[in-house]
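Participant: Okay, handing you the structure first.
What follows is calculated from the coordinates using simple rules that are stated; it is not laboratory data. Note that the structure is a prediction, hence the values are computed from the model and not measured. Every residue, glycine among them, receives a Cβ derived from its backbone with ideal geometry; neighbour counts consider all protein chains shown.
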Amino acid sequence: MRIKKGDSVLVTTGKDAGKKGKVLRVIPDKNRVVIEGVNRVKKHQKPSRSLPQGGILKIETPLNASNVMLVCSRCNKPTRIAHKIMENGEKARICKQCGEALD
């Protein structure tokens, strides 16, 4: 996957299109990402030891990774990602807009 935990992303499609957020979790098997404050749903929770009063919680649910674009930290624009092998042999993600390394 091209998106990693901690990346800043922009949602391009769906009910939350145009919102920016930080990636909380990546699920590569299903090609999904969980983004902070995006795609929230209400979940009814029964009382338990960890939540004794129970109640209605708002939780973030996974989005398909194809519906988000990485936001470059340098140029602050949504961008596609290129890969480049650096001098030391490491593979780096590169911003297509400004050419800056994202890692």
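Participant: Taking the Cα centre as origin and putting +1 on Lys and Arg beta-carbons and -1 on Asp and Glu beta-carbons, what dipole magnitude results for the chain, to the nearest 20 debye?
Facilitator: For this selection, approximately 440 debye.
Participant: Same structure again: Would you mind counting up the charge near LYS84? Only other residues with Cβ under 9 Å from its Cβ, with Lys and Arg at +1 and Asp and Glu at -1.
Facilitator: Surrounding charge for LYS84 is +2.
Participant: Next question. Can you tell which of GLY18, GLY54, GLY37 shows the greatest fluctuation in a Gaussian network model of the chain with Cα springs below 10 Å?
Facilitator: Among GLY18, GLY54, GLY37, the largest mean-square fluctuation in the Gaussian network model of the chain belongs to GLY54.
Participant: Compute a Gaussian network model of the chain, connecting alpha carbons closer than 10 Å, and tell me which residue from ASN31, ASN76, ASN88 fluctuates the most.
Facilitator: ASN88
Participant: Can you give the extra length, in nm with one decimal, that the chain gains between ILE27 and ARG49 once fully stretched, where that is 0.36 nm per residue apart less the Cα-Cα distance?
Facilitator: Extra length available between ILE27 and ARG49 comes to 5.1 nm.
Participant: How much length would be gained if the chain were fully extended between ALA101 and MET1, taking 0.36 nm per residue of separation minus their Cα-Cα distance, in nm to one decimal?
Facilitator: 34.3 nm
Participant: Tell me, what is the percent relative contact order of the chain, built from C-alpha pairs under 8 Å that lie six or more residues apart?
Facilitator: With pairs under 8 Å counted, the relative contact order is 21 percent.
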